[in-house]
1. Once the Cβ-Cβ distance between Arg165 and Ser101 is put in as r, and R0 is 25 Å, what FRET efficiency do you end up with, to the nearest 0.05?
2. Applying the Karplus parametrisation 6.51 cos²θ - 1.76 cosθ + 1.60 with θ = phi - 60° to the phi angles of segment 225-231, what ³J(HN,Hα) value in whole Hz is obtained for each residue in order, glycine and proline being reported as x?
3. For segment 34-88, what does the relative contact order come out to in percent, with C-alpha contacts under 8 Å and a separation of six or more?
4. From the list (i) 19.7; (ii) 18.5; (iii) 18.0, can you say which value of Kirkwood radius over Cα pairs in Å was derived from the structure given?
5. Given an 8 Å cut-off on Cα distances and at least 6 residues of separation, report the relative contact order of segment 15-145 as a percent.
6. Could you point to the residue in Thr212, Gly86, Pro198 farthest towards the positive end of the chain's charge dipole, with +1 and -1 charges on the Cβ of Lys/Arg and Asp/Glu respectively?
7. Which GluC sites (Glu not before Pro) does segment 165-238 hold that lie in a coil by DSSP with at most 12 other beta carbons within 10 Å?
8. Gain in length, Ala156 to Glu140, computed as 0.36 nm per residue apart minus the alpha-carbon separation, to one decimal in nm?
Amino acid sequence: MRPLAALLAPVARRLVYPGGTTRLPAGQTDLELRVDGVTLRGWEVNPGQQRALVHYGGNGEGLDWLVPELGRRFPGHTSYLVSYRGYGASEGRPGEAALTSDALAVFDHAAARHPRGVDVVGRSLGSGVAMQVAVRRPVERLVLVTPFDSLVATAADLYPWLPVRHLLQDRWDSAAVADRLRARVLVVRAGRDAVVRPARTDRLIDVLPQDTAVLDLPDAEHATLHEDPAYWPAIEEFLAT
């Protein structure tokens, strides 16, 4: 099993972090952060607001499409969209430890500039990133979009014939840290999600705080749930209260 796992591990990493599909020139971004010698790039949307919003994206998601969307929908927030290492125009190589460190640095950058507080949104893989931030920093409001209990369990659903517990070095175990969460939470659940199966989201909901709000979109799919007419209004209302 171990020789097979060693052989397949690079393939598994590329499946978890397909950042190459999101690459774009640095000149198309307007924000740079240096973290541990690595330059991360992205966008600062609607500068100068008292509150901040930090968005952590999905594992294959480019963030550029969100620049006009967040600017229009959250005019009372300055939104920070910073691509993961190896994504967008950011340097480096992704991994759980590095992405967690980077995400904390993005949060700290926002918190130092916005005295009214920082809200966080994490989608898919970004829900795991957001959870790691929210248990380490004073996140006030946390939106988890198609979240999972752990990456390993999610991958096992998708590839039941593979030894994923041996293949994946990065665990992104949100359920394991849920008892440390202090933020107000909204979960957005996609009923027809074939990537993060609804059972994985339900498993996380079971261990989140009892007052967690849940938006159930029964006809929504993983990649297109933001097109559901209830999606944006629910998040706008949650972040406005």
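1. Numbers: r = 24 Å, r/R0 = 0.97.
Working from the Cβ atoms, E equals 0.55.
2. After applying 6.51 cos²θ - 1.76 cosθ + 1.60, I find 5, 5, 7, 5, x, 8, 5 Hz.
3. Numbers: 76 pairs, mean separation 28.6, N = 55.
Computed over segment 34-88, the figure is 52 percent.
4. Label of the calculated value: (iii).
5. Numbers: 271 pairs, mean separation 37.1, N = 131.
About 28 percent, as a whole number.
6. Gly86
7. Working: sites: Glu221, Glu227, Glu236, Glu237; in loops: Glu221.
Nothing satisfies the criteria.
8. Numbers: separation 16, 0.36 × 16 = 5.76 nm, distance 3.23 nm.
Additional length available on full extension: 2.5 nm.
No value in this document is a laboratory result; all are computed from the given coordinates. For clarity, every value in this text was computed on a predicted model and none was experimentally measured. FYI the Cβ positions are ideal-geometry reconstructions off the backbone, even for glycines, and counts take in every protein chain you see.
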